[in-house]
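Working notes for the structure below.
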Amino acid sequence: FIPYGNRYWPQIIVLGSGDEEPNHSIILRNIEGISKYQTIALIKYAFPGATDKLKENTEFYVCEGNRKLAKGIITAIRENADI
């Protein structure tokens, strides 16, 4: 569970990219709860220069090490979102 408003720095696996292991760090911040196991969150790469694979309708796994914690989907792109 990621508290609302707090920033969380996991790694991700972008589905369809051919990656099997987490290889990108992101910053994730929950902003709205939908249900017990679903939230709306803002995400961005933690480090500049990462290959931008976060496009609309992209699915990904949120990971800690090799452990998959959650599955997400990019539903909209916001430029300069305050994360």
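The values are calculated or read from the model by the stated rules, or taken from the named source; none is laboratory data. Being a predicted model, the structure only gives us computed values, none of them experimental. Glycine gets a Cβ as well: all are built from the backbone with ideal geometry, and neighbour counts include every protein chain shown. Side chains included, ligands, DNA and RNA excluded: accessible areas come from the protein's heavy atoms. Shrake-Rupley method; radii C 1.70, N 1.55, O 1.52, S 1.80 Å.
In sequence order, segment 69-79 has phi-based couplings of 9, 7, 10, x, 9, 7, 9, 7, 10, 10, 7 Hz under the Karplus curve 6.51 cos²θ - 1.76 cosθ + 1.60, θ = phi - 60°, and Gly or Pro positions carry x. When you filter the chymotrypsin sites (Phe, Trp or Tyr not before Pro) in the chain for DSSP loop state and at most 16 other Cβ atoms inside 10 Å of their Cβ, you are left with Phe1, Tyr4, Tyr37.
Where in segment 32-55 does the label zone of Ala76 land, with the point 7 angstrom along Cα→C-beta and an amide N cut-off under 19 Å? Residues 32-35, 38-45, 54-55 qualify, since their backbone N sits under 19 Å from the label point.
Solvent-accessible surface of the chain, taken per residue with a 1.4 Å probe and all protein chains present: 70 Å².
Summing Cβ point charges (Lys, Arg +1; Asp, Glu -1) relative to the Cα centre of the chain gives a dipole of roughly 240 debye. The GluC sites (Glu not before Pro) of segment 3-73 that DSSP puts in a loop, and whose beta carbon has at most 12 other beta carbons within 10 Å, are Glu20, Glu56. Within the accessible surface of the chain, defined with a 1.4 Å probe on protein heavy atoms only, the carbon and sulfur portion equals 47 percent. Close amide-amide hydrogen proximity is noted between Thr39 and Ile34, each under 5 Å apart and 5 or more residues distant or on a separate chain (H modeled in the peptide plane; Pro and chain starts excluded). Here the Karplus relation 6.51 cos²θ - 1.76 cosθ + 1.60, evaluated at θ = phi - 60°, turns the backbone of segment 24-35 into coupling constants of 9, 8, 10, 10, 10, 9, 5, 10, 7, x, 9, 8 Hz, with x for every Gly and Pro. Looking at (1) -0.26, -1.19; (2) -0.26, -1.40; (3) -0.31, -1.07, which value of log10 I(q)/I(0) by the Debye sum over Cα atoms at q = 0.11, 0.24 Å⁻¹ comes from a calculation on the structure shown? It is the value labelled (2). The trypsin sites (Lys or Arg not before Pro) of the chain that meet both conditions, a loop assignment by DSSP and at most 12 other Cβ atoms within 10 Å of the site Cβ, are Lys36, Lys55, Arg78.
The largest accessible area among Thr39, Thr51 belongs to the first residue in Thr51, Thr39, and the rest follow in falling order (1.4 Å probe, all chains).
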